[in-house]
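Can you keep this structure in mind? I'll have questions shortly.
The values are calculated or read from the model by the stated rules, or taken from the named source; none is laboratory data. The structure displayed is predicted, hence computed values, not measured ones. All Cβ positions, even for glycine, are placed from backbone atoms using ideal geometry, and neighbour counts span all protein chains on display.
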Amino acid sequence: MKPEPPPLSESAGCHRDRATGADRPPQGLLGASAAFERLVADIRLLARTDAPALIDGETGSGKELAARAIHYLGQRGSRPFVPVNCGAIPEALFESELFGHIRGAFTDARTPRTGLVSHAEGGTLFLDEIDTLPPKGQVVLLRFLQDRRYRVLGQSQETVSDARILAASNRCLEDEAAAGRFRSDLLYRLNILRLRVPPLRDRGDDVPLLCRHFARIYANRYDLPCPEFPPQALARLQARAWPGNVRELESAVHRMVLQGVTEQSEVYGPDSAADTSAGPGPASFRDAKAEAIASFERRYLCNVMAHTGGNVSAAARLAQTDRRALGRLLKKHGVDCDRYRNG
Ligand SMILES: Nc1ncnc2c1ncn2[C@@H]1O[C@H](COP(=O)(O)OP(=O)(O)OP(=O)(O)O)[C@@H](O)[C@H]1O
């Protein structure tokens, strides 16, 4: 695995809009919701330090993108960012992948190999899906994190690494540690700083921006016209639970570019709190029920807002509910009425 060159506009660490002087979100990260703004603020804080950090969030929510933003906004931004998918490396090879080996270090070591830690020198080593690291790999990593010293396999001298460690997990590592699947001493080493990437269902206001962004990309790719998103279709997309988060939305928009968007577009695939295809396992009945209710509420609110052009009083009349109660619900789900006013 080779380190990647930094994106040009990030390498200078400049993130101010020239016209307005305001901070722009880090390159590649798009969003407009309050939760997204908080995420960007947290990313900026983490970029100012050099300590290990643990990034958690559901699958496809943007953890790797957040890690890249932390790296490229920080002092290490001109140095390599090296992503490592912990779940993809066979347990027996983890140490040699991480630290490298010399020729003849073990039976199959016919050529020398530079380790990922060395590739990340001066930059960032991003340990993705750290929750999937098998026990032996956890021991290797713990030893390394204790003093940052490592030995290339087959060599006797030690090297001290200067790579920042960022790790990401889809699962709650505290739960994994409590269940005996993840070493708590390793968790303590990684959990110095913490970043939580919120799921897309809590960032409904990001959906229109992301839809247009992905639509432009796929329309360009296939040389097709860029689709418009009617308010009703956007409302439906905003109301979905998106268990696969931004990655799932990207695929949905990809399909819509190919198949066209209609107000009734139902090309989005499954949407159910009971759908566990993207998660580690079924949620408890109570959590699944709560999510199903929340999902229904979001869908209902977006539909009623689209129907009444964002008029809360008209929406309350249509829903046959109290205006203030409806206002509370809109606030709870972060539904922005203005979005529906001129659409
Ligand atoms: N805020 C965002 N703006 C634009 N694109 C995004 C955003 N968040 C995620 N994406 C895109 O969604 C996809 C998934 O993002 P990413 O790989 O960072 O998620 P992840 O949480 O690391 O996923 P996994 O848990 O599967 O490793 C990528 O194609 C990424 O570019």
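Across the range 198-209, what is the total count of residues that are touching a Lys or Arg at 6+ places or on another chain (Cβ under 9 Å) and within 12 Å of Phe229 (Cα to Cα)?
Here the count works out to 2.
Only one of Ala325, Ala294, Ala316 is at pLDDT 75 or above, in contact with a helix residue (DSSP H, G or I) (Cβ under 6 Å, 6 or more places away or on another chain) and in a helix (DSSP H, G or I). Can you tell me which?
Of Ala325, Ala294, Ala316, the one residue that is at pLDDT 75 or above, in contact with a helix residue (DSSP H, G or I) (Cβ under 6 Å, 6 or more places away or on another chain) and in a helix (DSSP H, G or I) is Ala316.
If you take the residues of the range 72-95 that are of a type in the set (A, V, I, L, M, F, W, C) and in a helix (DSSP H, G or I), which of them is modelled with the highest pLDDT?
The residue in question is Leu73.
When you scan the range 30-53, how many residues do you find that are among the hydrophobic types (A, V, I, L, M, F, W, C) and within 13 Å of the ligand (Cβ to nearest atom)?
Summing the residues that are among the hydrophobic types (A, V, I, L, M, F, W, C) and within 13 Å of the ligand (Cβ to nearest atom) in the range 30-53 gives 7.
Continuing with the same structure: Taking the range 75-103, which residues are touching a residue at least 60 places away in the same chain (Cβ under 8 Å) and either small (Gly, Ala, Ser) or within 16 Å of the ligand (Cβ to nearest atom) (or both)?
Listed by number, the residues that qualify are Gly77, Ser78, Phe81, Val82, Pro83, Val84.
Taking Glu129, is it within 30 Å of Arg298 (Cβ to Cβ), assigned by TED's automatic domain parsing to the domain that holds Val82, charged (D, E, K, R) and more than 17 Å from the chain's Cα centre (by Cα)?
no
Follow-up. Scan the range 58-71 and give yes if some residue there is within 13 Å of the ligand (Cβ to nearest atom), under 22 Å from Leu142 (Cβ atoms), part of a strand (DSSP E or B) and modelled with pLDDT of 95 or more, otherwise no.
no
Results for (1) within 12 Å of the ligand (Cβ to nearest atom); (2) surrounded by fewer than 20 Cβ atoms within 10 Å (Cβ to Cβ); (3) assigned to a loop (DSSP other than H, G, I, E, B); (4) of a type outside the set (A, V, I, L, M), shown as yes or no for each residue.
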residue	(1), (2), (3), (4)
Gln157	no, yes, yes, yes
Leu195	yes, no, no, no
Cys211	yes, no, no, yes
Arg221	no, yes, no, yes
Ala241	no, no, yes, no
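For the range 128-155, name all the residues that are exposed (fewer than 14 other Cβ atoms within 10 Å of the Cβ) and touching a His at 6+ places or on another chain (Cβ under 8 Å).
Answer for the range 128-155, where residues must be exposed (fewer than 14 other Cβ atoms within 10 Å of the Cβ) and touching a His at 6+ places or on another chain (Cβ under 8 Å): there is none.
May I ask you to list the residues in the range 163-180 that are surrounded by 13 or more Cβ atoms within 10 Å (Cβ to Cβ) and either polar (S, T, N, Q) or in a loop (DSSP other than H, G, I, E, B) (or both)?
Ala163, Ser169, Asn170, Arg171, Cys172
Let me ask something else about it. Let me spell it out: the conditions are (1) in contact with a helix residue (DSSP H, G or I) (Cβ under 6 Å, 6 or more places away or on another chain); (2) modelled with pLDDT under 90, and Arg110 meets all of them except one. Which number is the exception?
Of the numbered conditions (1) in contact with a helix residue (DSSP H, G or I) (Cβ under 6 Å, 6 or more places away or on another chain); (2) modelled with pLDDT under 90, the odd one out for Arg110 is (1).
Would a scan of the range 125-135 turn up a residue that is away from the ligand (no atom under 16 Å from the Cβ), more than 23 Å from Leu73 (Cβ to Cβ) and of a type outside the set (Ser, Thr, Tyr)?
For the range 125-135, residues away from the ligand (no atom under 16 Å from the Cβ), more than 23 Å from Leu73 (Cβ to Cβ) and of a type outside the set (Ser, Thr, Tyr): present.
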